[in-house]
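> Here it is, the structure, as structure tokens.
The values are calculated or read from the model by the stated rules, or taken from the named source; none is laboratory data. A quick note: this is a predicted structure, and the numbers were derived from the prediction, not measured. Cβ sites come from the backbone with ideal geometry, for glycine too, and all protein chains shown count toward neighbours. Remember, those area values only see protein heavy atoms, side chains included, never the ligands or the DNA or RNA. Shrake-Rupley method; radii C 1.70, N 1.55, O 1.52, S 1.80 Å.
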Amino acid sequence: MAFIQVENVTKNYRKNKILNGINLEANPGECIVIIGANGCGKSTLLSILAGSNKPSTGAIYIDGENAITNNNLFDKKIGYIPQDNPLMEGLSVKDNLRFWYMGTKRSMEQDLINGAPAIFGVNKFLDKRVEQLSGGMKKRLSICAALAKNPPVLILDEPGASLDIVCKQEIKDYISRYISVGGTVILASHEDYEIELATKMYLLNDGVLCQVALGSHNEIMKGLAR
């Protein structure tokens, strides 16, 4: 049994079918990369896999348990970094972290020394309000928030979009470490440096998800652009 198993997931908005019979497996130590044209439904699919959106039909199993009927599994097992900023803009960085660490068994203070907040340099701007941060700083903080509960699965929606090269490299390095210790990553991307991390790659097109050969993304995307 895969750690995450998706069976025949569909998503309809009124009469529009966004996702059509999605099947996907993701195991520990794998990095699943999903490619596709803008507006093809990648963000919708990831939000469903993260539990923040409900499928119209289908099933999602996490570690063998049905997550659709046991929604707490999403909260316990998955860290989700959407494209949109999930942070509380008027609060400080430290107060945002406190919120995300609340109810977890992890020590925020310890992680500020040697955990994700230290790795991403978030411990250097704790007193700033989120609204004062650059896009790169917000992305770093968003990732640390998602990792607060030490999830075995990390779902990222175009994590490096519009970021500087330093932040992009930090994210890539962290994902590499995460999967090297058995974490499962599912991400949507069109960036070569992120796609290079893939152990399996899928194309989402016309609501249908199909596995494609690693390294074939450039030709595929050129074909979709025609």
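> Quick test of your reading of the structure: C31 fulfils all but one of (1) modelled with pLDDT of 95 or more; (2) surrounded by fewer than 18 Cβ atoms within 10 Å (Cβ to Cβ). Name the failing condition by number.
Answer for C31: the failing condition is (2).
> Right, another one. Find the residue count for region 73-96, including only residues that are more than 19 Å from G183 (Cα to Cα) and within 18 Å of the chain's Cα centre (by Cα).
Number of matching residues: 5.
> If I go through region 34-53 residue by residue, how many of them are surrounded by fewer than 14 Cβ atoms within 10 Å (Cβ to Cβ) and either touching a Pro at 6+ places or on another chain (Cβ under 8 Å) or under 13 Å from K11 (Cβ atoms) (or both)?
Residues flagged as surrounded by fewer than 14 Cβ atoms within 10 Å (Cβ to Cβ) and either touching a Pro at 6+ places or on another chain (Cβ under 8 Å) or under 13 Å from K11 (Cβ atoms) (or both) within region 34-53 amount to 1.
> State all residues of region 213-226 that are open to solvent by 80 Å² or more (accessible area, probe 1.4 Å) and of a type outside the set (D, E); if no residue qualifies, say none.
Within region 213-226, L214, K222, A225, R226 meet the criteria.
> If you take the residues of region 128-153 that are out of contact with any strand residue (DSSP E or B) (no Cβ under 6 Å at 6 or more places or on another chain) and of a type in the set (D, E, K, R), which of them is farthest from Y80 (Cα to Cα)?
K128
> For the list (1) touching a helix residue (DSSP H, G or I) at 6+ places or on another chain (Cβ under 6 Å); (2) open to solvent by 50 Å² or more (accessible area, probe 1.4 Å); (3) on the phi > 0 side of the Ramachandran plot; (4) not hydrophobic (A, V, I, L, M, F, W, C), I need the number of the one condition that N85 fails.
(3)
> For region 181-212, which positions are open to solvent by 10 Å² or more (accessible area, probe 1.4 Å), hydroxyl-bearing (S, T, Y) and either in contact with an Asp or Glu (Cβ under 6 Å, 6 or more places away or on another chain) or at pLDDT below 95 (or both)?
Y193, T199
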